[in-house]
Amino acid sequence: MSDIDRGDLLPPSRHGTTWRESEYRILADDLRAGADLARTARTVGRTESAVRAALRNFVPPEERVSTGERERWIRGRLVAEPEWDWWAVVVDHHRRNRSGLWFTRHEHCARIGWRRRTPMTALAQELGTSELSVAELLRALGLVESIEEAADQLGATPGLALAKRVSARRDDAVGARWILVIDGAAGTTRSRNAPVRRQVSLHETRAAAEAERDRVLAWHARVGAGEPESPVWWTIAERGLGATTGHTRCGTFDPTAAFGGPVRAEALTVGDVIRVAVPDGGFLQDRITAIVHAGAGAPIVVDLAPVANSRVRRVVEFAPGEVVDVVRGLEERAS
């Protein structure tokens, strides 16, 4: 439940970034195959409205095709004329509009540069663009989570746009806090006249917010079986004083993953069956009977079931943020 892939990133991962040749080719293949554009949007990590807006680049300037007819016109031509050079039309549109467009060779260059840890200044020169654009491309390719990570790994020239942007974001982050909102989870409170139960909490770090989310969802997995079937939404947002925008992650509770899998140590609760490695190369699997957590940053100490029905108990210590393999069998689902 702590893995961010369990939920969607909002806005989509490539929202606002320059379009790439590989994305256009996925869009063309889906149009030819008759696939729904909403699915294409999820595949390329953009909003459906952004994908539909990109359709205008498939229509040659001499053609008169209305906005409402673009999708049908493009699908029909792709099927009727397999040799149609739609890519040349797309490139021409971007050239006329002087809008950015990454070619496949740019993507390959960026991936190789990231793998080799090419300095940002050299990589920007190789791609013929700014350092900020390179950082955004690395983020769009999924190689980094943020432009700050790109700058940390490859550097940023002082005084240029990337360094200024990173500095500004870090200044904003100094006073920022992480807000956690969970709607519909069992065990949370419901205010008068509110449509659903809701928990709102404030945290100093994203890790702390994720740990609290995992704890609430883990509890919901245990006691929420009798609850009405409705989605349980969670949102984690970073906001500074007076800010209305910032990093935002949200998603829904995944019941298929609620009975086992990786869980942050902070989210462990008494009754969990955990599986941990032991020095002899094997694994120990047992139920947690007690948990001691002195506070933020302190290790999490768990007591397991007695050894061979004796008074001797196994004790395992986990570092904050450490991922633990939790096992929940069918017998626990029934209970």
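Using the Karplus curve 6.51 cos²θ - 1.76 cosθ + 1.60 with θ = phi - 60°, what ³J(HN,Hα) values do you get for each residue of region 158-164, in whole Hz, with x for Gly and Pro?
For region 158-164, the Karplus curve yields x, x, 8, 4, 5, 4, 5 Hz.
Do the sum for the chain: with -39,500 (n - 2.57) for every DSSP H run of n ≥ 4, divided by all residues, what is the mean residue ellipticity at 222 nm, to the nearest 500 deg cm²/dmol?
After summing the helix terms and dividing by the residues of the chain, the value is -11000 deg cm²/dmol.
At 1.4 Å probe size, with the rest of the protein present, what percent of the exposed accessible area of the chain is carbon and sulfur atoms?
Whole-percent figure for carbon plus sulfur exposure: 51.
Determine, from the Cβ-Cβ distance of Ala277 and Arg313 and an R0 of 30 Å, the FRET efficiency 1/(1 + (r/R0)^6), rounded to the nearest 0.05. Provide the component values of the computation, followed by the final result.
On the way: r = 19 Å, r/R0 = 0.63.
That pair, Ala277 with Arg313, gives E of 0.95.
In nm, give the distance between the simple-model label positions of His293 and Leu241, each being 7 Å from the Cα along the Cα-to-Cβ direction.
That separation, rounded to one decimal, is 2.9 nm.
Can you list the HN-Hα couplings for region 115-121, worked out from phi with the Karplus curve (6.51, -1.76, 1.60; θ = phi - 60°), rounded to whole Hz and with x for Gly and Pro?
5, 8, 6, 5, x, 4, 4
Computed from the coordinates I sent, Rg and Dmax of the Cα atoms in Å equals one of (i) 19.5, 64; (ii) 25.0, 85; (iii) 21.4, 65. Tell me the label.
(ii)
May I ask you to evaluate 6.51 cos²θ - 1.76 cosθ + 1.60, the Karplus curve with θ = phi - 60°, for each residue of region 65-74 and list the ³J(HN,Hα) values in order in whole Hz, giving x for glycine and proline?
10, 5, 4, x, 9, 4, 4, 4, 5, 5
Would you please give the residues with an amide H less than 5 Å from that of His247, counting only those at least 5 places away or on a separate chain, with H modeled from the backbone geometry?
Excluding prolines and chain starts, which carry no amide H, the hits are Glu238.
Per residue, how much accessible area does the chain have with a 1.4 Å probe, in Å²?
Ligands and nucleic acids excluded, the result is 56 Å² per residue.
The values are calculated or read from the model by the stated rules, or taken from the named source; none is laboratory data. Here the structure is a predicted model, which is why all the values come from computation and not from measurement. No Cβ is skipped: glycine too gets one built from the backbone with ideal geometry, and neighbour counts run over all protein chains shown. Note: accessible area is taken over every heavy atom of the protein model, side chains too, but ligands, DNA and RNA are not part of it. Shrake-Rupley method; radii C 1.70, N 1.55, O 1.52, S 1.80 Å.
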